[in-house]
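K.L.:
I'd like to ask some things about the structure below.
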Amino acid sequence: PITPGELLCLGSSLAFSGLFYYLYRKKARVVSRIQEAPKLQIDDDLPALVSAADGRCLPYVALEGIVLPAKAALPSHYHEGLQGVIQKLLLKEHRLIWNSLARSW
């Protein structure tokens, strides 16, 4: 005979397995869409392509081209002749709240 506790454990296990499989498949579809994204060159045709797209937006594309730094390129400390740029720097501060139950911030 199966007890109600065992049925509860079995049901919750199946529910969690189904939930995690659903989340896995959802993320796998997103990853496959990103991997299949068309590769576009940054050139004079790109603005016309974006304006012709539905909603003036391209959902997943990979842009390839040369990037020019705003001020100066950052030289690599490890590889001579290699330079890079910073695309965007974002600083976000999180507010700390004291949790009296866990006794932590």
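K.L.:
I need the full set of residues from region 81-105 which are open to solvent by less than 90 Å² (accessible area, probe 1.4 Å) and within 30 Å of K39 (Cβ to Cβ), in order please. It would help to see each step written out before you state the result.
P.N.:
So the first thing to find is which residues in region 81-105 are open to solvent by less than 90 Å² (accessible area, probe 1.4 Å), and the list is 81, 84-85, 99-100, 102, 104.
Listed by number, the residues that qualify are G81, G84, V85.
K.L.:
Just one of Y78, Y60 is of a type in the set (S, T, Y) and exposed (fewer than 10 other Cβ atoms within 10 Å of the Cβ); which is it? Walk me through how you get there before you give the answer.
P.N.:
On the way: Y60 fails: exposed (fewer than 10 other Cβ atoms within 10 Å of the Cβ).
Matching residue, one of Y78, Y60: Y78.
K.L.:
Every residue in region 61-72 that is modelled with pLDDT under 80 and acidic (D, E), please.
P.N.:
None - no residue of region 61-72 is modelled with pLDDT under 80 and acidic (D, E), so the list stays empty.
K.L.:
Part of a helix (DSSP H, G or I), touching a Leu at 6+ places or on another chain (Cβ under 8 Å) and surrounded by 10 or more Cβ atoms within 10 Å (Cβ to Cβ), is that true of L14?
P.N.:
no
K.L.:
Under the condition of being assigned to a loop (DSSP other than H, G, I, E, B) and in contact (Cβ under 8 Å) with a residue 24 or more places away in the chain, which residue from region 63-72 is least open to solvent (accessible area, probe 1.4 Å)?
P.N.:
G65
K.L.:
Please work out if Y60 is within 29 Å of S32 (Cβ to Cβ), free of Cβ contacts under 8 Å to residues at least 60 places away in the same chain and aromatic (F, W, Y).
P.N.:
Details: within 29 Å of S32 (Cβ to Cβ): yes; free of Cβ contacts under 8 Å to residues at least 60 places away in the same chain: yes; aromatic (F, W, Y): yes.
Here the answer is yes, as Y60 does meet what is asked.
K.L.:
Another one. What pairs come out if I take residues in region 73-102 that are among the hydrophobic types (A, V, I, L, M, F, W, C) and at pLDDT below 80 and pair them with residues that are open to solvent by less than 90 Å² (accessible area, probe 1.4 Å) and part of a loop (DSSP other than H, G, I, E, B) whose C-beta lies under 9 Å away, six or more apart or interchain?
P.N.:
If the second residue must be open to solvent by less than 90 Å² (accessible area, probe 1.4 Å) and part of a loop (DSSP other than H, G, I, E, B), the pairs left are I86/P69.
The values are calculated or read from the model by the stated rules, or taken from the named source; none is laboratory data. Note that the coordinates shown come from a computational prediction; the quantities given were computed from them, not determined experimentally. Glycine gets a Cβ as well: all are built from the backbone with ideal geometry, and neighbour counts include every protein chain shown. We work out accessible area using only protein heavy atoms, side chains counted, and drop any ligands, DNA or RNA first. Shrake-Rupley method; radii C 1.70, N 1.55, O 1.52, S 1.80 Å.
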